[in-house]
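Reviewing the structure listed below.
The values are calculated or read from the model by the stated rules, or taken from the named source; none is laboratory data. Because the structure is predicted, anything quoted here is derived from the model rather than measured. Here the Cβ positions follow ideal geometry from the backbone for every residue, glycine too, while neighbour counts run over all protein chains shown.
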Amino acid sequence: DTAVSQTPKYLVTQMGNDKSIKCEQNLGHDTMYWYKQDSKKFLKIMFSYNNKELIINETVPNRFSPKSPDKAHLNLHINSLELGDSAVYFCASSQQSRQGEQYFGPGTRLTVT
Amino acid sequence: QQQVKQSPQSLIVQKGGISIINCAYENTAFDYFPWYQQFPGKGPALLIAIRPDVSEKKEGRFTISFNKSAKQFSLHIMDSQPGDSATYFCAASFRGSTLGRLYFGRGTQLTVWP
């Protein structure tokens, strides 16, 4: 059983397009996150949600909009894609009381051409 | 401002050797220090973690050493194996905080030569 799953695994698209990445966790966690990992492997937190409520919103362009329909799902929608958005995006989850123990998904490699 | 500083950026070790990765932090309110391991094409996975009330934690070949006064902690991999080749991230968080989050170091790419 996959604990944290993401779809799609690869996403190739052109500049200006709008795309979404989906994330689901079956661990019963109440907190979910989106991270961006650049080509230098740096992990940058973008958003976190606790019980469907936005908790962390780092300095991210408002072209990025997370949506949490329920505790087990956190989707990321990106409008007007730019070349600089190319990266690997990771979803993660944890219990709120144990935010240092995060479980990561396999990642979505986004390539904008 | 980088809350957790990690070094070296890359490390090459011979099979059977000891790999050492160092991290330093600024905020003394951090109370949980995990290490994550990431293999190519995979997401990071929690490897081992320590709280500041102990100076060392060992799990198999992996040991965290913690120096609270120096605000430093390190990961030691004994008898390093080619299968240990991965990127390692140190991190820090405020465990139990409702507004907590993980502050990651920039990562160390470890290569273990057979």
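Observations
- Any hit, segment B:69-84, residues being under 20 Å from A:Leu43 (Cβ atoms), touching a residue at least 60 places away in the same chain (Cβ under 8 Å) and out of contact with any helix residue (DSSP H, G or I) (no Cβ under 8 Å at 6 or more places or on another chain): yes
- Every residue from segment B:42-96 that is surrounded by fewer than 18 Cβ atoms within 10 Å (Cβ to Cβ), in contact with a Lys or Arg (Cβ under 7 Å, 6 or more places away or on another chain) and not in a loop (DSSP other than H, G, I, E, B): B:Ile48, B:Pro82
- Residue in segment A:23-41 that is away from chain B (no Cβ under 14 Å), out of contact with any helix residue (DSSP H, G or I) (no Cβ under 9 Å at 6 or more places or on another chain) and of a type in the set (S, T, N, Q) present: yes
- Within segment B:21-52, the set of residues being closer than 17 Å to B:Ala70 by Cα and either away from chain A (no Cβ under 11 Å) or basic (Lys, Arg) (or both) comprises B:Ile21, B:Asn22, B:Cys23, B:Ala24, B:Tyr25, B:Glu26, B:Asn27, B:Thr28, B:Ala29, B:Arg51, B:Pro52.
- Hits in segment A:61-89 (condition: surrounded by 16 or more Cβ atoms within 10 Å (Cβ to Cβ) and either of a type in the set (Phe, Trp, Tyr) or not in a strand (DSSP E or B) (or both)): A:Phe64, A:Lys71, A:Ala72, A:Leu81, A:Asp85, A:Ser86, A:Tyr89
- Residue match in segment A:4-22 (condition: surrounded by fewer than 16 Cβ atoms within 10 Å (Cβ to Cβ) and within 21 Å of B:Val4 (Cα to Cα)): no
- From the options A:Ser5, A:Ser39, A:Ser20, residue that is modelled with pLDDT under 95 and not aliphatic (A, V, I, L, M): A:Ser39
- The one condition in (1) on the phi < 0 side of the Ramachandran plot; (2) charged (D, E, K, R); (3) surrounded by 14 or more Cβ atoms within 10 Å (Cβ to Cβ); (4) without any contact (Cβ under 8 Å) to a residue 60 or more places away in the chain that A:Glu53 fails to fulfil: (3)
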